[in-house]
Amino acid sequence: MDEDFDDLIAANRAFADEFDLGGFDGVAHAGVAIVTCMDSRIDPLRMLGLRHGDAKIFRNPGGRVDNAALEALVLGAHLLGVRRILVIPHTRCAMTANSEQELHDKIGASSGQDATWQQFHVVEDQLADLAEDVRKIRSHPLVPDTVKVAGFVYDVDTGLLDRKV
């Protein structure tokens, strides 16, 4: 084995030495599910005053509600105590800053391979896409009408959420 992950394994061992988060049942104790971007500037639990075990979190580039996110939300609503869903893209998102062609060009140049076969699902109009994502959840036949859904934009420079939908 190589040493590429040694720092992370060492950090995990230190984490495990003080681990006190075991025994959770997997239910979202605050009844919350969050769909947000994979951006490392986003701390989904802390930004909402939540703790470990309070919420189900689904992350992807751009924080979009795709089929995998819908699958997670349906499971959360029926099996894991989810009663509120927040869709939270963010300001200064790379998925809003590039066209599909620009990402194909950048990834192609970086990889040395043709990347045009890979779809990146850029976000051309963040607010329109957010409204569409909220609509997808609200209209999904397997998401109960009792589940509340809202769309917000997270400002990565202030830490504030702004409700848009």
For the stretch 88-134 and the stretch 135-165, distance of Cα centres in Å: 21 Å
Net charge over other residues, Cβ less than 11 angstrom from the Cβ of VAL149 (K, R count +1; D, E count -1): +4
Under the span-like rule (Cα at least 15 Å along the axis, Kyte-Doolittle mean at least 0.5), DSSP H helices of the chain: 67-79
Global geometry of the stretch 107-154, whether rounded, prolate or oblate, following the gyration tensor of its Cα atoms and the 1.5 cut on a/c: prolate
Global geometry of the stretch 14-88, whether rounded, prolate or oblate, following the gyration tensor of its Cα atoms and the 1.5 cut on a/c: oblate
Diffusion coefficient, µm² s⁻¹, Stokes-Einstein with Kirkwood Rh over alpha-carbon pairs of the chain at 25 °C and 0.890 mPa s: 139 µm²/s
Extension gain, ASP125 back to GLU100 (0.36 nm per residue minus Cα-Cα distance, nm): 7.7 nm
Placed amide H near LYS164: partners under 5 Å, 5+ positions off or other chain: GLY151, PHE152, VAL153
Cα shape, the stretch 64-109, gyration tensor, a/c 1.5 rule: prolate
Accessible area of the stretch 7-165 belonging to carbon and sulfur atoms, whole % at 1.4 Å probe: 53 percent
Ordering of 28-35, 106-113, 94-101 by packing [mean C-beta count within 10 Å, highest first]: 28-35, 94-101, 106-113
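The values are calculated or read from the model by the stated rules, or taken from the named source; none is laboratory data. Just so it is clear, the structure is predicted and the values come from calculations on it, not from any experiment. Please note: Cβ atoms are built from the backbone with ideal geometry, for glycine as well, and neighbour counts cover all protein chains shown. The protein model used for the area step is the full one, side chains on, heavy atoms only, and it has no ligands, DNA or RNA in it. Shrake-Rupley method; radii C 1.70, N 1.55, O 1.52, S 1.80 Å.
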